[in-house]
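Values quoted throughout were computed directly from the atomic coordinates according to the rules given, and no laboratory measurement underlies them. What you see is a predicted model, and the numbers here were worked out from it, not measured in a lab. As a convention, Cβ positions derive from the backbone with ideal geometry for all residues, glycine included, and neighbour counts pool all protein chains shown.
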Amino acid sequence: MDYIPEDKRTPFIYLNNAATTWPKPSQVLEEVAACLRNPVHEAGRTTGSGSTDYPSVARESLASFFHADLPENFIFTQNATDALNLLIHGFVKKTGKPFHAIATELDHNSVLRPLSSQEQDGRISLSMVPFTDNKVSLAAIKEAIRSETRLVVMTHGSNVLGSVQEIKPIAEYLRTNDIFFIVDGAQTTGHIPINLSDIPVGAFVFTGHKALFGIPGTGGFYISEPETIAITRQGGTGTDSRTLTQPFEMPMRFETGTPNYPGIASLYAGLRFINTIGLDKIELKEQELTRNFVRELKQIPGITIYNDAPTLPVVSFNIRCIDNHEAGFILARAYSIITRTGLHCSPLVHERIDGGKGCIRVSFSWFNSPEECSRTADAIREVAQSADTQVRSDQGMR
Amino acid sequence: MKEYALNEPLTEGFLKFLEQFGTVRLLEQLRKPYFSFEKEQFISIKGFVGDSIVEVRYKKEFQDLVADYFHLLLYYYDQGEQGIAHLKGQEDSIRDKMKIRLGLPKGNLT
């Protein structure tokens, strides 16, 4: 397809925010532009001054946002997948001998694939904990733990069901039992308050391009005990250049090479935007949008909703007699409503809820309006009615 | 998956032609009438009647053999009734190649 200028495009409703939020706040776009207008500045890497040291200010903003003490324990990566790879492979390498790890059926492939790859290489044995009532409980985790369990990785918020796991009691139990706990917070960060000073996680992973309103290519993790993860990337840090080994100091221990300055600038501006609005206000609005949308959806015959009380602004459903990809295509092309269809990179959840066929996912952000929710529900109603009528007429012809 | 921008909008006549070769599904009560075409082992097509953009997915197993199938549909549609017979002949030849690849005896490929 040829490029269509912005002012010539058909207006659309964007409901794929659980993948990447859109639009971005104007402050974010302006910060990225400002970052690129100036030479980059980071201590140790340049003699220049006067520009913003984005990695440092963004790290401090993240520490404040997550109520964590040590800004240097926040590491920037390309995205949550990159962070999970670094943590999982680094933990396995550091442990040095085979052990048992636990993941859950709610997890994304960003967790499942790195763990499966370690399992295939014989470095770990892996158990998948099932979910009940859309959540993974501490009891289910306890049941899966063996004497040789060293690692638990689980999603904080399901990208399909919109359910949020109660990670605090799980983190406390695992800490007591000396089991490292990695939480994938890609779906919860920026939607609900997260207080890392109160939850003893081993590591907490976030992404920048979803509800933190950063641009794609941003993410990272917080780590409480950096020495539990082996250093798997080496290179320039702007410090200790005489030594040929990677510095142990944070954040250079895990950050190497030129940082993604414009991306980190966008993350910094996204955090400022959230703080200006107020996370509580954002959470309230998103929950109201979600509740209203679910209410409208429930009134449409032939709709199966997989969690009708999600905590996150994520609603997954199927329409009777129409494949989810077809429904998504129709919504996009005939109604200009952008959703996400298929397995959402979470195959085990779908295996449980829809037999692995996939579904349609609608996900909201601060920038969606109640009118957009209603227009989307109206469009889904038309699609459902049309699919139903077609099936009835086919049956009548037989 | 490939998206094609056609020279002219798709018509119901084209859908009637497609019915000769696979399963056509039409949802008429939408803002735009939606259709899908499914041909096992070959391709699936999605689009809207009156629209000139279609989405075509080729079946993975035989992608190299069916890569031109959508173009064949367009080409033979222009030939009317005669085109149907010609295209069925072409299909048989593609199916024979599929069978050879699968090591199957001649007959229906299902």
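Taking H as built 1.01 Å from N, whose amide H comes closer than 5 Å to the amide H of A:Glu105, not counting residues under 5 places away? Amide H neighbours of A:Glu105, under 5 Å, 5+ apart: A:Val129, A:Phe131. In chain B, helical runs assigned H by DSSP with n ≥ 4 each contribute -39500 (n - 2.57); averaged across all residues and rounded to the nearest 500, the mean residue ellipticity at 222 nm is -11500 deg cm²/dmol.
Can you bin chain A into rounded, prolate or oblate? Criterion: square roots of the alpha carbon gyration tensor eigenvalues sorted a ≥ b ≥ c, rounded for a/c under 1.5, prolate for a/b above b/c, oblate for the rest. Oblate shape, in that a/c is at least 1.5 and b/c is the bigger or equal ratio.
Compute the FRET efficiency between B:Gln79 and B:Thr23 as 1/(1 + (r/R0)^6), taking r as their Cβ-Cβ distance and R0 = 22 Å, and round to the nearest 0.05. The pair B:Gln79/B:Thr23 has a calculated efficiency of 0.45.
For a test of the definition: using alpha carbon positions, the gyration tensor, and the 1.5 limit on a/c, classify region A:178-262 as rounded, prolate or oblate. Oblate. Between the Cα long axis of helix A:109-120 and the first principal axis of chain A there is an angle of about 60°, rounded to the nearest 10.
By DSSP, the beta bridges lying fully in the protein assembly as shown are antiparallel in about 65 percent of cases. The mean number of partner chain beta-carbon atoms within 10 angstrom of a residue's beta-carbon across peptide A:378-388 is 3. In terms of the mean number of neighbouring beta-carbon atoms within 10 Å, the peptides B:81-89, A:54-62 order highest first as A:54-62, B:81-89. What the phi angles of region A:76-89 give under the Karplus curve with 6.51, -1.76 and 1.60, with θ = phi - 60°, is a coupling list of 8, 9, 6, 5, 5, 4, 4, 5, 5, 4, 4, 6, 5, 5 Hz, glycine and proline written as x. Phi-derived couplings, Karplus 6.51 cos²θ - 1.76 cosθ + 1.60 at θ = phi - 60°, listed residue by residue for region A:366-376: 3, 7, 7, 10, x, 4, 5, 4, 5, 5, 5 Hz, with x used for Gly and Pro. With neighbour counts taken as other beta-carbon atoms within 10 Å, the residues B:Lys39, A:Lys142 rank, fewest first, as A:Lys142, B:Lys39.
Each residue of region A:169-185 was assigned a 3J(HN,Hα) from its phi angle through the Karplus curve 6.51 cos²θ - 1.76 cosθ + 1.60 (θ = phi - 60°); the sequence is x, 5, 4, 5, 5, 5, 4, 4, 9, 6, 10, 6, 10, 9, 10, 8, x Hz, with glycine and proline shown as x. The spacing between region A:133-188 and region A:338-368, judged by their C-alpha centroids, is 21 Å.
The longest part of chain A holding none of the exposed loop chymotrypsin sites (Phe, Trp or Tyr not before Pro), meaning those outside H, G, I, E and B in DSSP with at most 14 other Cβ atoms within 10 Å, is A:13-247. Taking amide H atoms as placed 1.01 Å from N in the peptide plane, the amide H of A:Thr218 lies under 5 Å from those of A:Gly208, A:His209, each 5 or more residues away in sequence or on another chain. Look at the stretch B:19-31: the mean tally of other chain Cβ atoms within 10 Å of its residues' Cβ atoms is 4.
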